[in-house]
1. Select from the stretch 54-73 the residues that are part of a helix (DSSP H, G or I) and surrounded by 16 or more Cβ atoms within 10 Å (Cβ to Cβ) and write down the one among them that is modelled with the lowest pLDDT.
2. Which of the residues spanning the stretch 96-112 are surrounded by 18 or more Cβ atoms within 10 Å (Cβ to Cβ) and either touching an Asp or Glu at 6+ places or on another chain (Cβ under 9 Å) or of a type in the set (A, V, I, L, M, F, W, C) (or both)?
3. State whether the residues of the stretch 78-90 include one that is out of contact with any Phe, Trp or Tyr (no Cβ under 7 Å at 6 or more places or on another chain) and in a strand (DSSP E or B).
4. Tell me, please, whether a residue that is modelled with pLDDT under 80, aromatic (Phe, Trp, Tyr) and either farther than 22 Å from Asn84 by Cα or within 19 Å of the chain's Cα centre (by Cα) (or both) can be found in the stretch 30-46.
5. Which of the residues spanning the stretch 82-92 are surrounded by fewer than 22 Cβ atoms within 10 Å (Cβ to Cβ) and touching a Gly at 6+ places or on another chain (Cβ under 9 Å)?
6. Could you tell me whether Gly91 is modelled with pLDDT of 85 or more and of a type outside the set (Val, Ile, Thr)?
7. Report every pair of residues separated by at least 6 positions or lying on different chains whose Cβ atoms are under 9 Å apart, first residue within the stretch 40-68 and without any contact (Cβ under 8 Å) to a residue 40 or more places away in the chain, second outside any helix (DSSP H, G or I) and exposed (fewer than 14 other Cβ atoms within 10 Å of the Cβ).
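The values are calculated or read from the model by the stated rules, or taken from the named source; none is laboratory data. It should be emphasised that the depicted structure is a prediction, and the values quoted were computed from it without experimental measurement. Note that each Cβ is placed from the backbone with ideal geometry, even for glycine, and that neighbours are counted across all protein chains shown.
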Amino acid sequence: MARTMNSDDLATFINDFNAQKRTDRAVPFVELPESIELAERVRPFTRIAVKYFALVAEGTVPPLDTSKLAHYRTDSELLRMSVNPAYARKGAFVTTVLQQIDDINAGMDGADITRILRIFPLLLKLNGGHNV
């Protein structure tokens with residue numbers, strides 16, 4: 001049976017991760033119990049992303065304060081380093097979509113936004129779809 005992490009354990013794990021040098025992050029090191037916990041923590045982000053990109057597709061480009069999504073960024077960076085490829089893919093999805101939102105917030109032109117809108121459904125499908 002997989003052990004579960006309490007919030008203090010996860011906070012310590014995240015702090016240890018952030019203390020590492022970037023060069024140490026190339027090798028997957030996040031074990032399955034931590035991967036499961038991180039995946040649960042980033043799960044709500046898919047719903048946020050779907051709603052945001054639906055607004056963008058309608059022609060509205062709402063500014064999104066990504067500082068309120070900072071915990072998703074940290075958790076997804078960790079999840080990308082999962083020893084389990086399925087969980088690593090989920091982390092990569094969140095990291096990539098957050099970068100796309102950052103790019104849109106930075107003032108992309110219409111052609112670049114159109115490109116992102118074409119890519120988003122593929123990313124969503126690779127992430128296993130969504131249940132909104």
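1. Of the residues in the stretch 54-73, the ones part of a helix (DSSP H, G or I) are 54-57, 66-73.
Retained after the next criterion (residues that are surrounded by 16 or more Cβ atoms within 10 Å (Cβ to Cβ)): 56, 69, 72-73.
Numbers: Val56: 84, Leu69: 92, Tyr72: 94, Arg73: 93.
Filtering first and then ranking leaves Val56.
2. Val97, Leu98, Ile101, Ile104
3. Checked the stretch 78-90: at least one residue is out of contact with any Phe, Trp or Tyr (no Cβ under 7 Å at 6 or more places or on another chain) and in a strand (DSSP E or B).
4. no
5. Initial filter on the stretch 82-92 (surrounded by fewer than 22 Cβ atoms within 10 Å (Cβ to Cβ)): 83-86, 88-89, 92.
If the condition is that a residue be surrounded by fewer than 22 Cβ atoms within 10 Å (Cβ to Cβ) and touching a Gly at 6+ places or on another chain (Cβ under 9 Å), then Ala86, Arg89 are the ones that fit.
6. Values: modelled with pLDDT of 85 or more: yes; of a type outside the set (Val, Ile, Thr): yes.
Yes, satisfied.
7. So the pair list comes out as Leu55/Pro62.
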